[in-house]
Amino acid sequence: MVEMRDLTMRWDKTSVLEKVNLIMEPGERLAIVGPSGSGKSTVLRLLAGLLLPSEGDLFLCGKHQEFLRPDQNNPPDVRLVFQNPALLASLTVEENVGFLLMRKGVLKELEIREKVKSCLASVGLFDVANKFPGQLSGGMQKRVSFARALIDDPETNQHSMPLLLYDEPTAGLDPVACTRIEDLIIKTTTVAKGCSIVVSHVNSTIERVADRVLMLYGGSFQWDGSIEEFNQTDNPYVEQFRSGSLHGPMQPTEH
């Protein structure tokens, strides 16, 4: 599903990622953890086709990624759920969720409406299609963004498995709201019949939505293992992350 071979990402002379390697199998649910500024969001942008690596190779569904997503004729089915719902305030919920289908112009309006209705129902939203984002609570807006991630691109191979990317989906939420969003991540990934990568600092989110964890620090993956191993390992990077200790190999970057 995903393969990185000696992948490097640099900004000027600063390396954000340095010769990292990763293989992700279909159906996996992966969490990428690490301190702020360690490059987690950069990984998501690379996978989403918004950036190209400075060196090395990235493969998605076996296809070598040589161009940015807008420049690809048949891009892999990758869907990014932002930390902020990122809804267009001037469009209704129906128009936000069905934006891709309306833009493609392949399906009829009634077909689009039915697909949107089904996606909204999958995330527990009913009778909101004609509302505007500003008329919804923050939690409902986030659910709308999940519904949007369920929409299939009509020009994508229907037999391909979607890769869903979640950037800090539960940041700043109370514990109850976290649980709702975590359940939604699992359900959305299952409904889309895809696999997922979640970037998060929230322990409950990591433990509930992932079956595998990657620790990213210093431009490298310092640890890789199952969620069970993540909770038991004595790896110093993981131990410091779990405990929130100021003492350990991960230290603030001096500017």
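The values are calculated or read from the model by the stated rules, or taken from the named source; none is laboratory data. Here the structure is a predicted model, which is why all the values come from computation and not from measurement. FYI the Cβ positions are ideal-geometry reconstructions off the backbone, even for glycines, and counts take in every protein chain you see.
Tally up the residues in the range 175-185 that are surrounded by fewer than 23 Cβ atoms within 10 Å (Cβ to Cβ) and either within 12 Å of the chain's Cα centre (by Cα) or among the basic types (Lys, Arg) (or both), please.
Number satisfying all stated conditions: 1.
Just checking, does the range 106-128 include any residue being out of contact with any strand residue (DSSP E or B) (no Cβ under 8 Å at 6 or more places or on another chain), in contact (Cβ under 8 Å) with a residue 60 or more places away in the chain and aliphatic (A, V, I, L, M)?
Within the range 106-128, one or more residues are out of contact with any strand residue (DSSP E or B) (no Cβ under 8 Å at 6 or more places or on another chain), in contact (Cβ under 8 Å) with a residue 60 or more places away in the chain and aliphatic (A, V, I, L, M).
Name the residue that is surrounded by the fewest Cβ atoms within 10 Å (Cβ to Cβ), counting only residues in the range 224-255 that are under 14 Å from Glu207 (Cα atoms) and of a type in the set (Gly, Ala, Ser).
If we take residues in the range 224-255 being under 14 Å from Glu207 (Cα atoms) and of a type in the set (Gly, Ala, Ser), then Ser226 is surrounded by the fewest Cβ atoms within 10 Å (Cβ to Cβ).
Considering only the range 60-73, I want to know if a residue exists there that is touching a residue at least 60 places away in the same chain (Cβ under 8 Å) and under 30 Å from Glu228 (Cβ atoms).
Looking through the range 60-73, at least one residue is touching a residue at least 60 places away in the same chain (Cβ under 8 Å) and under 30 Å from Glu228 (Cβ atoms).
Of the conditions (1) more than 24 Å from Phe241 (Cα to Cα); (2) over 16 Å from the mean Cα position of the chain (by Cα); (3) of a type in the set (A, V, I, L, M, F, W, C); (4) at pLDDT 95 or above, Leu47 fails just one. Which one is it?
It is condition (2) that Leu47 fails.
What's the number of the condition Asn74 fails, among (1) modelled with pLDDT of 90 or more; (2) in contact with a Ser or Thr (Cβ under 8 Å, 6 or more places away or on another chain); (3) exposed (fewer than 13 other Cβ atoms within 10 Å of the Cβ)?
Only one criterion is unmet by Asn74, namely (1).
Which of the following residues is in contact (Cβ under 8 Å) with a residue 60 or more places away in the chain and more than 20 Å from Arg180 (Cα to Cα): Ser196, Ser200, Ser220, Ser226?
Ser220
Among the candidates Thr188, Thr205, Thr179, which residue alone is without any contact (Cβ under 8 Å) to a residue 60 or more places away in the chain and of a type in the set (Val, Ile, Thr)?
Answer to the selection: Thr179.
Any residue at all in the range 162-174 that is surrounded by 13 or more Cβ atoms within 10 Å (Cβ to Cβ), at pLDDT 90 or above and in contact with a Phe, Trp or Tyr (Cβ under 7 Å, 6 or more places away or on another chain)?
Checked the range 162-174: at least one residue is surrounded by 13 or more Cβ atoms within 10 Å (Cβ to Cβ), at pLDDT 90 or above and in contact with a Phe, Trp or Tyr (Cβ under 7 Å, 6 or more places away or on another chain).
Read through the list (1) under 30 Å from Ser243 (Cβ atoms); (2) outside the structural domain of Gly225 (by TED's automatic domain parsing); (3) basic (Lys, Arg), then give the number of the only condition that Lys117 fails.
Of (1) under 30 Å from Ser243 (Cβ atoms); (2) outside the structural domain of Gly225 (by TED's automatic domain parsing); (3) basic (Lys, Arg), only one is false for Lys117: (1).
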